[in-house]
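Trainee: Have a look at the structure that comes next, please.
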Amino acid sequence: MRNFLIWLIVAAGLIALPHTLSFSLQEILVFLVINVLLVVSYRLLTLTGEWSLGHVVIMGVGAYTSALMTKRLGVYVPVSMIMGALMAGFVAFLLSFPLFRMKGFYFLIGSFASAEIIRLLWKRFREPFGGPKGLKRIDSLADINIGPIQVDFFEPVAYYYFALIVVAVCLWILWRIEKSLVGLTFHAVHWQDKLAQASGVDLRRYRTLAFVLASSFAGLSGALLAHYIGTINPNSFDVELMVFVLTWAIVGGTATFYGPILGCVVLTLLNEVVLREMGFQQMRPLIYGAIMIGSILFLPDGLESLVKRAMAAWKRRSTPAAEPGKESA
Amino acid sequence: MSAPLLQVRNLTKRFGGLTAVDGLSFDVRKGTIHGLIGPNGAGKTTTFNMISGFYKPTEGDIVLREESISGLMMHEVAHRGVVRTFQHSTLFAEMTVLENVVVGTHMEFPPSIWNALTGQDAHDRRGAEAKAHEALEFFGLLAFQHSLAGDLPHGHQRALGMAVALACRPDIMLLDEPFTGMNPEETSRMMELMNKLRSSGLTLLLVEHDMHAIMGLCDNITCMSFGKFLAEGGPQEIRNHPDVIEAYLGGARHVA
């Protein structure tokens, strides 16, 4: 019951939020929602212990696929987004054959190299990918015009609500997967792959499953992005964005489900709101890097460890307070 | 006398120029405890790793119920009913004791994403946890089910490793030095449990240095030395076998 109330307040807050913000902050809010899906899908991949540097390009696969579907084949937008997600998953499945011959650091390098190949293919082939200039004038969602209800998805607020619903559903799915026996098996593969295998776990299969699932959700976040900004090019998915994703995940921490979300939200606020307000235009990447180094040095378990400590302290404070109450009752 | 469940035929493993196991053959009969002993470096663990699918044999064959399992991957071997434990405390240290054993039920309750999303996996999860409880109960670990596996004392960690293997419901359990690091009290309790496992129909193959445990438990012992088969027989035979004594204590010939 209390949990339900908390979720209700969170939902109300998220619905009311854009109306309190300026236009430019509304735009940032849409990106933030999309990035939350990106970084949470990245965490699913890290559950099996593999860190990839190709996640952002896989997101781009979803974006390009969905954009091309609408432009060339006239597929309706929400359907094209799902096809983008499926294509990203399929590309990940193909990449898994060479990549999962490697582990750890070699996987990291291999994922970066194969992602760069995909990105350079977009650059090289003007047809159909548009070359270095990418794709322009990508359709947004069709306007809704049913009597009194009129929604124009060029408005950030309208697109925010759409993205929020999609991302919320995706987060719920990812949460269910993690808490299930599938998620437990992912953890097992991460912590002791030998013991997991001796218990009958097909390591290759589960590593591939995590990779394909994470990539599908990344592809969906890419499709959400493409139909919002309306133009994508190979540089939208370069290593700079990948570094941002890594920073969100590392600063937030990847031990819990909410860690990367926390990292993404806090750092985006810091980057877009605080630093911009303070006039640090050019120095922002520098400060971002400093924050990442600082958090590795001083907060190795990420922002989530602060939340954990705060919750433990809260419990300690409330438990002794509850006990005298019991005695008197 | 029952038919052999597991047959090792002319098994050989070479690492570059080194022959770790050289033409080893022995049979493991159903429902027995079979010991594999030998001085350090005799190739016991290598043999073990080949049977469990961790290494591929260079030559030779491993036959389980008339089916060759040599060269299969470890999880494929596990699916055929041969499950191993590891030396030291190879556990999912960051997971709870219960979760560790639930991973062991992986084959009986294969996870499915679809069931997880539709909530149909609640039944499987309960089943898996019930099976895990059974295995924990058997090894006396039920009281620790919610602690982290990494926080358990060493003896309990060894027992947990076996509980994970037991939860796999194997036909043969391969135990790699199960008594290492246990005090005599823990050792004798573990021996009792192994006797119980044998009487429930399970077959055990164990590599061990603790001679007291080996002699007290095993129906049959295979002794290796320098990668080669040395002797086989019951505990009495092995104890008095001149070649075994020579391998362990060094022969007078070499000293002279």
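The values are calculated or read from the model by the stated rules, or taken from the named source; none is laboratory data. Note that the structure is predicted; figures quoted are calculated from it, not measured. Backbone-built Cβ (ideal geometry, glycine too); neighbour counts: all protein chains shown. SASA here: full protein model, heavy atoms, side chains in, ligands and nucleic acids out. Shrake-Rupley method; radii C 1.70, N 1.55, O 1.52, S 1.80 Å.
Trainee: Considering only residues that are in contact (Cβ under 8 Å) with a residue 24 or more places away in the chain and open to solvent by 40 Å² or more (accessible area, probe 1.4 Å), which ones fall in the range A:262-284?
Mentor: A:Leu262, A:Val265, A:Val266, A:Glu272, A:Val273, listed by residue number.
Trainee: Which residues, counting only those in the range B:32-44, are modelled with pLDDT under 85, surrounded by fewer than 22 Cβ atoms within 10 Å (Cβ to Cβ) and either within 14 Å of another protein chain (Cβ to nearest Cβ) or in contact with a strand residue (DSSP E or B) (Cβ under 8 Å, 6 or more places away or on another chain) (or both)?
Mentor: B:Pro39
Trainee: Restricting attention to helices (runs of 4 or more DSSP H) lying wholly within the range A:1-110, give those where 3 or more residues are touching a Gly at 6+ places or on another chain (Cβ under 9 Å).
Mentor: Helices (runs of 4 or more DSSP H) meeting the threshold: A:23-47, A:55-73, A:77-99.
Trainee: Yes or no: the range B:145-154 includes at least one residue that is part of a helix (DSSP H, G or I), away from chain A (no Cβ under 14 Å) and either open to solvent by less than 10 Å² (accessible area, probe 1.4 Å) or not small (Gly, Ala, Ser) (or both).
Mentor: yes
Trainee: Related question: Which of the residues belonging to the range A:45-69 are open to solvent by less than 10 Å² (accessible area, probe 1.4 Å), within 17 Å of A:Val166 (Cβ to Cβ) and among the hydroxyl-bearing types (Ser, Thr, Tyr)?
Mentor: The one that is open to solvent by less than 10 Å² (accessible area, probe 1.4 Å), within 17 Å of A:Val166 (Cβ to Cβ) and among the hydroxyl-bearing types (Ser, Thr, Tyr): A:Ser66.
Trainee: While we're on this one: Under 6 Å by Cβ, and 6 or more places apart or on different chains, what pairs join a residue from the range B:109-121 that is at the interface with chain A (Cβ under 8 Å from one of its Cβ atoms) and crowded, with 17+ Cβ neighbours inside 10 Å with one that is among the polar types (S, T, N, Q) and assigned to a loop (DSSP other than H, G, I, E, B)?
Mentor: Every condition considered, the pairs that remain are B:Ala116/A:Ser180; B:Asp121/A:Ser180.
Trainee: Does A:Leu120 count as part of a helix (DSSP H, G or I), touching a residue at least 60 places away in the same chain (Cβ under 8 Å), open to solvent by 20 Å² or more (accessible area, probe 1.4 Å) and closer than 16 Å to A:Ser215 by Cα?
Mentor: No: the conditions fail for A:Leu120.
Trainee: I've got another one for you. I need a count of the residues in the range A:206-240 that are among the aliphatic types (A, V, I, L, M), away from chain B (no Cβ under 14 Å) and buried (at least 24 other Cβ atoms within 10 Å of the Cβ).
Mentor: Here the count works out to 7.
Trainee: Still on this structure, I have one more. Is it fair to say A:Gly110 is modelled with pLDDT under 90 and more than 16 Å from the chain's Cα centre (by Cα)?
Mentor: Spelling it out, it is not the case that A:Gly110 is modelled with pLDDT under 90 and more than 16 Å from the chain's Cα centre (by Cα).
Trainee: List the number of the failed condition for B:Ser200; all other conditions in (1) more than 14 Å from chain A (Cβ to nearest Cβ); (2) within 18 Å of the chain's Cα centre (by Cα); (3) surrounded by 14 or more Cβ atoms within 10 Å (Cβ to Cβ) hold.
Mentor: The number of the failed condition is (3).
Trainee: For the list (1) without any contact (Cβ under 8 Å) to a residue 12 or more places away in the chain; (2) under 21 Å from the mean Cα position of the chain (by Cα), I need the number of the one condition that B:Val101 fails.
Mentor: Checking B:Val101 against (1) without any contact (Cβ under 8 Å) to a residue 12 or more places away in the chain; (2) under 21 Å from the mean Cα position of the chain (by Cα), the one that fails is (1).
Trainee: Here is a further query. Pairs please, first residue from the range B:3-21 and open to solvent by 30 Å² or more (accessible area, probe 1.4 Å), second anywhere and among the β-branched types (Val, Ile, Thr) and assigned to a strand (DSSP E or B), Cβ atoms under 6 Å, 6+ apart in sequence or on different chains.
Mentor: Close Cβ pairs (under 6 Å, with a partner that is among the β-branched types (Val, Ile, Thr) and assigned to a strand (DSSP E or B)) amount to B:Gln7/B:Val63.
Trainee: Across the range A:136-167, which residue is nearest to A:Phe23 (Cα to Cα) among those that are touching a strand residue (DSSP E or B) at 6+ places or on another chain (Cβ under 6 Å) and β-branched (Val, Ile, Thr)?
Mentor: Across the range A:136-167, the extreme among qualifying residues is A:Val151.
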